[in-house]
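The values are calculated or read from the model by the stated rules, or taken from the named source; none is laboratory data. Here the structure is a predicted model, which is why all the values come from computation and not from measurement. Cβ atoms come from the backbone with ideal geometry, glycine included; neighbour counts cover every protein chain shown.
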Amino acid sequence: MKISNKQTRAFTMIELVFVIVVIGILAALALPRLERDIRQEAADNILSAIRYTQHLALTDNKTDPFDLTWQKKLWAIRFDSDTEGGFLYKVASNTSGNNIAKSESAIDPSNGKHMFASNNTLQADESPNVLLGKKYGIDTVDFTNCESTANGNNASTHIAFDHLGRPHKGVYNIAKNDYRTVMTANCIISFGFEDGSANLDINISKETGYAFIVGQEDS
């Protein structure tokens, strides 16, 4: 009978502890990458909505020399309070000249629902993507260089685009049968977060309407 001298080698306690420590270090490095980047999610959402608004305007010429306030019909994105301390947005063409109605709003290409809401309690046909406060904790929206009145009152809460892609300011306030609402300076929209994290700033360039995250010009 042949007797084998081979011995089965097992982990020593020291080796096992070392492996566990290495796995723990790798897990600690990986976990932060698995956490939600709320700020970047918000940036992607808002930037997509602004660019989609411009896309709608490029394919829908609202110019009408016989309508003294035709600029009110331009496709626009508007930011409103959600009545609970946060903000939401609407994308619409105000064809009636009154307050924006759901029937005038765009359809969200990601879910087939209206890019419209009146508050945080959505109707079945309203897109949850518009709820910036509820989804991301956005509680302030400030416009710079987007003044809506001749005296420089920075009260605008919307940006509109014409069929050439140019951004317009204050179309609901000072719209006339001319192009006085065309932006002559780059607009910065700053979004603040309830957790105190760094503001998200989005630049909308004059003339071209190109929108990007400040600090991420290629975004």
Margin query: Going residue by residue through the range 143-155, is there one that turns out to be buried (at least 17 other Cβ atoms within 10 Å of the Cβ), assigned to a strand (DSSP E or B) and modelled with pLDDT of 95 or more?
Written below: no
Next item on the list: All but one of (1) modelled with pLDDT under 95; (2) touching a Ser or Thr at 6+ places or on another chain (Cβ under 9 Å) hold for A57, so report the exception by its number.
Entry: (1)
Check: Which one is modelled with the highest pLDDT, of the residues in the range 98-114 that are over 23 Å from A43 (Cα atoms) and exposed (fewer than 12 other Cβ atoms within 10 Å of the Cβ)?
Finding: S103
